[in-house]
Every structure is written in C-alpha cells, then in structure tokens.
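The values are calculated or read from the model by the stated rules, or taken from the named source; none is laboratory data. This one's a predicted model, so the numbers in the text were calculated from it and none came from an experiment. Glycine gets a Cβ as well: all are built from the backbone with ideal geometry, and neighbour counts include every protein chain shown.
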Amino acid sequence: MLDIAEEKVALKQADPEIFRLIEEEEVYQKESIRLIPSENYVSQAVLEASGSVLTNKYSEGYPGKRYYEGQRFIDELETLVQDRAKALFGVEHANVQPYSGSPANLEAYYALLEPGDKIMGMSLPDGGHLTHGWQVNFSARFYSAVQYGVDPVTHLIDYDKVRELAKKERPKIVVAGATAYPRQFDFAALSEIAREVDAYFLADVSHIAGLIVAGAHPDPAPHADVITTTTHKTLRGPRGAMILCREEHAKAIDRAVFPALQGGPHNHTTAAIGVALREAATDEFRAYGHQIVTNAKALAGELLERGFSLVAGGTDNHLILIDLTNKEVFGKKCAKALDRAGIVCNYNTIPNDPRKPFSPSGIRIGTPAITSRGMAEPEMRQIAEWMDQVVSAPEDEAVTDRVRAEVAELCASFPVPGLPNA
Ligand SMILES: *Cc1c(COP(=O)(O)O)cnc(C)c1O
C-alpha cells in the first residue's frame, strides 16, 4: 500500500501549496460517501493516461488531416479512440475532441442549426440541462428556445404534451436528456415526435452513457441523429465529451468542433477516454452499470421507508431526487449538514419548486461513485439511515460528528479506484 504523501514527489517539492490541496481532496474523496450523481472515480489507468506527456502536444485537425507535423502517434491514438467509441455505442461516426459536455452541445447545434433556429429541450427546473435552452445559457441567446417539462403530478415526461408543443412550435431540433430526471427516457417516442415535425433529434446522454453501454438503460443510437455525451459521469472516464452521429452528419459535426468552435484537441484526455471506453466494453462494466441501478432502487426504497418523498416516486436509473418539503428542512441546509456528516450531495430544484434555484426544496443524490467503490444493498440501507438521522437533526453537531466518524469507518473498507489505497 502506497502512502499518499509518498506520491507526486516532484509536485510536492515544486509546489507544496497545490500539492497539499490535491492531497486533502484525495483524503476527502476517500473518507466521504459521494452521492453527487454526475461524479465518479476513474481507474488508476485512466488517471495515468490523463496525466501523461500527451498534454505537451498540439494537433489541430483530425487524423491524417493535421495542421502540425509530428502526429504519427497522435493520429493512431485518436483513430483508435474513435473506433472504440463507434463500436461501444453502435454509431457510424464519433468525434472525441469536445472539451466537455456544454461545448459538445454548442457544437451539435452549430452543426445542425442556423442562429435563431428553434431548440426544444427539457426545462432546467424539471431536470433538463442549461444547454437545452435555459434563459441564461447560449442555447437560449443564440437560438430561440421552447421548453417541455414533466407532469406536475407524476413528474414523468408526458409525451402527448411534448408532441402538442412540438406541433405548435415547430422546433428545428428536439433535445432529450437531463441532469435530474430519475426515470428512463423513451428515445423512440421523442424521435418519432421530432420526425413528425421535421426536426432533428439530439440525445444528450451525459448522465446515463455508462448505463446505456451496460445495457441498463434504453439505447438512443437507433433513433438519434446526433448523440452528445460527457465522458466523466457514469461512463467513468476523464472530464471530456464526445459527439456520436450518423455518417450524414459527420462532416458538419467535425467542422463544428474544429475549426468552428475549438482549437487543438486535448490529447491526454483523448487517451484517457480511450482507456475508459476499453474498460466500459468489459463484462465487469456491464455488471457495474446494472449495480448502479440496483443500488439506486435499493437506496430509494430505504428512503421511502423512512418517510422521504421522492420525485417521480423513485428511480429507474442512477439518481434520486428528494423533495424535502415534508421534512421542514430546505435543500441547501440539508446538503450542507450532510456534507458535515461526510455525505456529499447537492441541493436541487424539484418540479414546480416553490422556492428559488439558489435555495430550492430538494436534494439530488446518485449511486455511480459509491458503486465504483463496491458498495451494494447493505450499504444503501446504512446510508439511508444516516441521511435520515442528519435530516432529522441538521443542526445537531453531535449527530453530524458521529455520522461522519461512522461514514469514515465504512469508507475505509471500500477502497477507492485510482487512489493509492486501491
Ligand atoms: C453534465 C451535463 C452536461 C454538461 O457537461 P459539462 O462537462 O459540465 O459541460 C450537458 N448535458 C447534460 C445532460 C449533462 O448532464
């Protein structure tokens, strides 16, 4: 077992301040139960590729069409990663250069739309992402945006309502995808709606890409014109993104990424994405994806038993949205108390939230990171029990201190992938 302090010798000598902060974050990631559904732990192999000398390279362009010399290894690398992405997601074309999920969506719009064209996506308070047409985002400034939401009672997408809105608004693109929707997307239904109004269909699977490749969520590939995804959420790769599409859109997508919106690709990230894609193609990863959902369902069941109110009544993916209005504690206060107790989550709006986004009624939790540590159903019961204790007494330091100690003890027996204790 390597001690954390014995690693990163050069960094420790050259920059003790940054070294200390990274070291403290490592301990924090080890000793806490991380329930933020967009976070994960990458493997040591992904970390090594990510921290490699490939960060020294410039390689604007694409394999075989670069604007810099000296690309023999980079061309081979990027082609390999493209091929892995195409095989894993079952698509005709893959662009692996987007810097992150938000630029990937901008690039997809740039490729398919003209400025001012209409985007129809899920509204942020109902679970959609900023880049799906929320007012403060480029997607509502450069384009015109209309938003669909969830049914106020069931919290599910009402596909008939979406169809009605599409027929009335005639968007140029229909976007599926969310950051806080605990149920499955019916990609077939949404693509059908898009087809009926001659719109493109974009599936942004950032949160659920890992579930899709594991076979634990329906697959958008047969239905979508374009798929965007981050690589760092359930897919368990480095921070980055990919755009996957049919051959007919390949040229437009590639031109949108470079030269329209980006310069040189982050080759160290491309390499790390490749490593993650190879890991994601294994039986082990399939089992991991299914266990994420099993754990989320188990955790939701335990929370329901303890009187928590869950948006949409539960989950069939990796995340749970808790409506705290019956608990007399708001999302922000609750998330902060849980963090003091070693349980990390984020406050979140719930559908029709009567409170403001900066202090909403809910919290959002998820199981990708704890499942990467090997936690399973027994730990879900324990986590629900701790959450109940903290939420019942968010200001009682004796409770948060005790839970934090118990959390650290549990974490010690679930090694973190990628960290020296693994
Ligand atoms: C996370 C996410 C994004 C944005 O990704 P960043 O890498 O944070 O820019 C876009 N769309 C969805 C649905 C997401 O969940």
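Can you tell me which residues in region 40-83 are part of a loop (DSSP other than H, G, I, E, B), in contact with a His (Cβ under 8 Å, 6 or more places away or on another chain) and not hydrophobic (A, V, I, L, M, F, W, C)?
If the condition is that a residue be part of a loop (DSSP other than H, G, I, E, B), in contact with a His (Cβ under 8 Å, 6 or more places away or on another chain) and not hydrophobic (A, V, I, L, M, F, W, C), then N40, G51, S52 are the ones that fit.
When G116, G127 are screened for being more than 16 Å from the ligand (Cβ to nearest atom), touching a strand residue (DSSP E or B) at 6+ places or on another chain (Cβ under 9 Å) and at positive phi, only G116 passes. Against the condition touching a residue at least 60 places away in the same chain (Cβ under 8 Å), surrounded by 20 or more Cβ atoms within 10 Å (Cβ to Cβ), closer than 24 Å to A224 by Cβ and out of contact with any Phe, Trp or Tyr (no Cβ under 6 Å at 6 or more places or on another chain), how does L277 come out, does it pass? So L277 passes the test. Of the residues making up region 303-319, those that are in a helix (DSSP H, G or I), of a type outside the set (A, V, I, L, M, F, W, C) and under 17 Å from E379 (Cβ atoms) number 1. Among the residues of region 218-235, those identified as among the hydroxyl-bearing types (S, T, Y) and assigned to a loop (DSSP other than H, G, I, E, B) are T231, T234.
A quick yes/no check of all residues on (1) β-branched (V, I, T); (2) at negative phi; (3) touching a residue at least 40 places away in the same chain (Cβ under 8 Å):
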position	(1), (2), (3)
K333	no, yes, yes
N348	no, yes, yes
F358	no, yes, no
G362	no, yes, yes
I365	yes, yes, yes
A369	no, yes, yes
E377	no, yes, yes
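Meeting the requirement of 3 or more residues that are hydrophobic (A, V, I, L, M, F, W, C) and in contact with an Asp or Glu (Cβ under 8 Å, 6 or more places away or on another chain), the helices (runs of 4 or more DSSP H) wholly within region 332-422 are 377-392, 397-412. Taken together, the residues in region 144-155 that are under 19 Å from A203 (Cβ atoms), more than 16 Å from the ligand (Cβ to nearest atom) and surrounded by 20 or more Cβ atoms within 10 Å (Cβ to Cβ) amount to 0.
Within region 128-155, residues that are under 12 Å from P351 (Cβ atoms) and of a type in the set (A, V, I, L, M) have Cβ atoms under 6 Å from residues that are at pLDDT below 95 and within 16 Å of the ligand (Cβ to nearest atom) in these pairs: V150/D126, counting only partners at least 6 apart in sequence or on another chain.
Kindly check whether there is at least one residue in region 156-175 that is within 13 Å of the ligand (Cβ to nearest atom), modelled with pLDDT of 95 or more and surrounded by 24 or more Cβ atoms within 10 Å (Cβ to Cβ).
Taking every residue of region 156-175 in turn, at least one turns out to be within 13 Å of the ligand (Cβ to nearest atom), modelled with pLDDT of 95 or more and surrounded by 24 or more Cβ atoms within 10 Å (Cβ to Cβ).
Within region 135-143, one or more residues are crowded, with 17+ Cβ neighbours inside 10 Å and away from the ligand (no atom under 16 Å from the Cβ). Pairs only if they're at least six apart or on different chains, beta carbon under 7 angstrom, first in region 224-239 and among the charged types (D, E, K, R), second near the ligand (Cβ under 8 Å from one of its atoms); list them, first residue then second. Note: pairs meeting the criteria are K233/S38; K233/S206; K233/H207; R239/S100; R239/H232. Can A108 be described as touching a residue at least 60 places away in the same chain (Cβ under 8 Å), surrounded by 22 or more Cβ atoms within 10 Å (Cβ to Cβ), away from the ligand (no atom under 16 Å from the Cβ) and of a type in the set (A, V, I, L, M, F, W, C)? So A108 fails the test.
Residues in region 185-217 that are under 18 Å from the mean Cα position of the chain (by Cα), more than 16 Å from the ligand (Cβ to nearest atom) and part of a loop (DSSP other than H, G, I, E, B) were compared, and the one that is surrounded by the fewest Cβ atoms within 10 Å (Cβ to Cβ) is G215.
The residues on offer are Y99, Y41, and the sole one that is surrounded by fewer than 20 Cβ atoms within 10 Å (Cβ to Cβ) and either in contact (Cβ under 8 Å) with a residue 24 or more places away in the chain or out of contact with any strand residue (DSSP E or B) (no Cβ under 8 Å at 6 or more places or on another chain) (or both) is Y99. Taking the conditions exactly as written (at pLDDT 95 or above and under 15 Å from A384 (Cα atoms)), does G301 satisfy them or not? Yes, satisfied. Annotation note: of Y99, Y67, Y58, Y62, the sole residue that is of a type outside the set (G, A, S) and within 16 Å of the ligand (Cβ to nearest atom) is Y99.
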